[in-house]
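Read the structure below first, then the notes.
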Amino acid sequence: MQTIKIKFTKIEVPEFEKKGLLPVRFHYKVNGEDMSIEKSFGYVNHDPAAFAGDLIAEVRHVCKKQARPDPMDYSLLSGYVNAQVIEDKEGLTEERIANALKQIRDRIRTLKSMANANNYMNKYVDVKGLVIEL
């Protein structure tokens, strides 16, 4: 049996689009190796908690598919892959990701409610290069 340890490290917003879909890059480590996945987050109609759960399930599935069994292991469980999400800080990883997505959504709502051009550009730059550590 092979065990894969997954740890989510940060969330990054590489660019901001007004179309209702926001490209968000999720950085994570698989057995110490840095990896990332980019997903489109619909900040208008997506539930952050459901999105976080789907994201974790997708990352676990991708990691399981990429795992290679040991050819010299002849046990019954040699083809089984166990993907674990590692918790470092208090709170579940899914809750921390959902809270970070809510924070991103709130910043976008603040940006869209701006009436002054100077404040708009400051908020736009704030959202565009946003990085949230998990």
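Summary of computed values
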item: Cα-based Rg and Dmax for the stretch 9-134, where Dmax is the largest Cα-Cα distance (Å); result: 18.0, 68
item: Ordering of 94-107, 22-35 by packing [mean C-beta count within 10 Å, highest first]; result: 94-107, 22-35
item: GNM result for the chain, Cα springs below 10 Å: residue of ALA50, ALA83, ALA115 fluctuating most strongly; result: ALA115
item: The stretch 38-100 - Rg and Dmax from Cα coordinates, angstrom; result: 15.7, 50
item: Extension gain from LYS65 to ALA49, taking 0.36 nm per residue of separation minus the Cα-Cα distance; result: 3.3 nm
item: Residue-averaged [θ]222 nm for the chain, counting only DSSP H segments that reach four residues, each worth -39500 (n - 2.57); result: -13000 deg cm²/dmol
item: Furthest towards positive pole of dipole, GLN103, SER78, PHE51, structure part the stretch 2-133, Cβ charges; result: GLN103
item: Reach of LYS39 by Cα under 19 Å, taken over aspartates and glutamates that are not fewer than 8 positions away in the same chain; result: GLU12, GLU15, GLU17, ASP47, ASP54, GLU58, GLU94, GLU95, ASP106, GLU133
item: Fluctuation leader among PRO69, PRO14, PRO48 - the chain, Gaussian network, Cα springs under 10 angstrom; result: PRO69
item: Relative contact order of the stretch 17-134, pairs being alpha-carbon contacts under 8 Å that are 6 or more residues apart, as %; result: 20
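Here, each number is a calculation from the coordinates, and none is a lab measurement. Please read all numbers here as calculations on a predicted model, not as lab measurements. Glycine also receives a Cβ, built like all others from the backbone with ideal geometry; neighbour counts cover every protein chain displayed.
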